[in-house]
Amino acid sequence: MAGRFQKRVTCALGCIISAVGVWGTAEILGGHVWPSLLEPLVALLGFLILGIGAWGGPGSQGVPRRGAVRRNPLRLSFVILGSLAIAWKFTIGVTTLERHEMRWRYVSVDHREIELEYADHPGWFETAWSPEVGPYLESLTTDRVPVVFQVTRDLGKVRGYVEVRIGELDGTHFQPMGNGLRGSPAGPSPWR
């Protein structure tokens, strides 16, 4: 009787996890959320656990089967979930700080909107707004300034990033405005 209960709980767990993954994948395909590999992987995990539940447990007529999966599918499902949760911690939502050398120029007449073009990736740029950044950049002896970004990655792919420091000024002194591409870039995106 306990084997059938474990089988049912494992199947229910697999159905719930796969439903969440399928729903998240549908949101991505509908263009409602930022694309990532996370949702399809959750759906595959759910289908795997559902398969373990359907295949595991007691055989016909309640005869016990051999093998760890068939004897205790619920335990195996929790081992898989635990292992993936630990792997998830180190691969999903990993945040790092990255520094890029950038060339700056004014975009607006009032010198409040600044364009920062990646020195190593010509054509790719970021914009920031601030009444304080312009005078600071003018005080430098060069048109280059180091910019530090906070980058979030999922499974090694960039999910998002934001400027947190322009030269010596931290993020409280400016407002990131956006990014873009001018002309035909000489190389790949800085976030590949």
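With contacts defined as alpha carbon pairs under 8 Å and 6 or more residues apart, what's the relative contact order of the stretch 94-181 in percent?
Reported as a whole number, the value is 32 percent.
Using the beta-carbon distance between residue 182 and residue 23 and R0 = 30 Å, what value does 1/(1 + (r/R0)^6) give for FRET efficiency, to the nearest 0.05?
Details: r = 38 Å, r/R0 = 1.27.
So the FRET efficiency works out to roughly 0.20.
Using the Cα centre as the reference, give the magnitude of the dipole from point charges on the C-beta atoms of the stretch 94-181 (Lys, Arg: +1; Asp, Glu: -1; all else neutral), rounded to the nearest 20 debye.
300
Given axes a ≥ b ≥ c from the Cα gyration tensor, I'd like to know whether the stretch 122-192 is rounded (a/c under 1.5), prolate (a/b larger than b/c) or oblate.
In terms of gyration-tensor shape, oblate.
Rule-based calculations on the coordinates, nothing more; no lab input. Since the model is a prediction, treat every value here as computed from it, not as a measurement. With ideal geometry, Cβ positions are generated from the backbone for all residues, glycine too; neighbour counts draw on all protein chains shown.
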